[in-house]
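S.K.: Take a look at this one; I'll ask things after.
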Amino acid sequence: MRYQITGKQIDVGESLQTHVETELGAMLEKYPGRPTDANVIFSKSGHEYVCEAVIHLSTGLNCTAKAKGTEIYATFADCAEKMDKQLRRYKRRLKDHHKERTTPVELFGAASYILAGTGEGDSEVAEPESLQPIIVAEMETKIPSLSVGEAVMQMELAGAPVLVFRNEKKDGVNVVYRRDDGNIGWIDP
């Protein structure tokens, strides 16, 4: 497994890197899904340390966790605990999908755009000349080919509010999202 342990504007020493590798390795041995790589980023926000971790599993799923704290080792411990809780919650599903899926999740390329804000909060904004939005950034993104159950699990593991995926059964683009009432919505056009 590959580890990438970095710091944003802080120095991550050899001791912390070794600690992160051993702790993550011990935690991930308990779960199926053969993790391929782990990205751990430490940063500082005011007087607090922030630890963000993303684990990529060979099945194409990603597990994400984030924690804040006043001590860097304790912050990593909190982040690892959150990730452990997520993986433990989905351990049965990971095992079931692992047996069914013998190959990694297929990813399709798609364009992703960031549009400029409308500035609706300002009352003195002039009427725009056209109704076409202004594109601020254009990026390449990957759309996974998953079942609906795997898509919901991926969305939960990533902590994302929405996930666009290609439905394996119907070969169309679908969306799962977290509703305001706490349930999961599924859009199948």
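Throughout, read-outs are computed from the coordinates displayed, never taken from laboratory work. Small disclaimer: the values here were computed from a predicted structure and weren't measured. Here the Cβ is made from the backbone with ideal geometry for all residues, glycine too, and neighbour counts use every protein chain on show.
S.K.: Using the beta-carbon distance between residue 81 and residue 110 and R0 = 25 Å, what value does 1/(1 + (r/R0)^6) give for FRET efficiency, to the nearest 0.05? Working shown, then result.
M.R.: Details: r = 34 Å, r/R0 = 1.37.
About 0.15, to the nearest 0.05.
S.K.: Beta carbons within 10 angstrom, averaged per residue: use that to sort the peptides 47-55, 133-141, 148-156, highest first. Mind showing how you got there, number by number?
M.R.: Values: 47-55: 18.3, 133-141: 10.1, 148-156: 19.9.
The densest-packed peptide leads the list: 148-156, 47-55, 133-141.
S.K.: Across 10 Å bins from the origin, how do the percents of Cα pairs in the stretch 142-189 run, short distances first?
M.R.: All Cα pairs considered, the percentages come to 30, 59, 11.
S.K.: Pairs 8/142; 44/66; 142/170: which are spaced more than 22 Å apart, C-alpha to C-alpha? List each step's numbers first, then the result.
M.R.: Numbers: 8/142 26 Å; 44/66 13 Å; 142/170 19 Å.
From 8/142; 44/66; 142/170, over 22 Å: 8/142.
S.K.: Suppose R0 equals 45 Å. What FRET efficiency, 1/(1 + (r/R0)^6) with r the Cβ-Cβ distance, do residue 41 and residue 167 give to the nearest 0.05?
M.R.: E between residue 41 and residue 167, to the nearest 0.05, is 0.90.
S.K.: With each pseudo-label sitting 7 Å past Cα toward Cβ, what's the residue 89-residue 147 distance in nm, one decimal?
M.R.: 2.1 nm
S.K.: Work through the residues other than residue 44 whose Cβ is under 13 Å from its Cβ and net out their charges, Lys, Arg +1 and Asp, Glu -1. List each step's numbers first, then the result.
M.R.: Values: positive: 8, 68; negative: 11, 48, 52, 71.
Here the count lands on -2.
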